Amino acid sequence: MLFIPDDNNKIIARYERSEETSFKEMDVAIAEIVLDQDWEISNRLIDDSKTIDSSIAWLRGMPLTKYGAGTERTQCKLIKAYDQFSDLQNGLELGAYPGSNNEYCDHGDSGAIWCDPESGNAVALHSREGVEGKAYATPVILILQRMGLSIFLEQ
């Protein structure tokens, strides 16, 4: 179960580990959202009017933005894509955004969605802090394909 510790440990999702719900090589897992809570579920990016309604492929050098638990709203740029990085299949290397002096990733940011700042579309799932000022993420489009999922935006 996933829960919010600052909200009386309110359960927000249930997770049962299986081959269908996790994929170690991409550092991803899916959980069923608990819908019997009285809180609004939204694809809206925090502090933004854009919604995540699809995923897009990555391009070298593209700027990305996310809202992570550790660093809150940050930007980075995509440096390079790997077929394999350490134990991470299809890893994306991220670096500091030019001209930005804020730290763009830290502990607690894992699982945050890196998005295209123009469209709001999902590009990558933050996986881990790297070395020498770099971080690594997994392409959302490949996660969705591998897990047989799609991004659903309720109208």
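The values are calculated or read from the model by the stated rules, or taken from the named source; none is laboratory data. Here the structure is a predicted model, which is why all the values come from computation and not from measurement. We place every Cβ from the backbone using ideal geometry, glycine too, and count neighbours over all the protein chains shown.
Structure data summary
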quantity: Out of Val131, Val140, sole residue that is within 20 Å of Gly68 (Cβ to Cβ) and at pLDDT below 85; calculated: Val131
quantity: Among (1) more than 15 Å from Val28 (Cα to Cα); (2) buried (at least 16 other Cβ atoms within 10 Å of the Cβ); (3) at pLDDT below 85 - the single one Glu93 does not satisfy; calculated: (3)
quantity: Segment 59-90: number of residues that are surrounded by 15 or more Cβ atoms within 10 Å (Cβ to Cβ), among the hydrophobic types (A, V, I, L, M, F, W, C) and modelled with pLDDT under 85; calculated: 2
quantity: Selection count where residues are among the polar types (S, T, N, Q) and out of contact with any Ser or Thr (no Cβ under 8 Å at 6 or more places or on another chain), scope segment 65-88; calculated: 3
quantity: Check on Ser22, closer than 22 Å to Gln89 by Cβ, surrounded by 13 or more Cβ atoms within 10 Å (Cβ to Cβ) and modelled with pLDDT of 65 or more; calculated: yes
quantity: Condition check for Lys10: among the charged types (D, E, K, R) and modelled with pLDDT under 70; calculated: yes
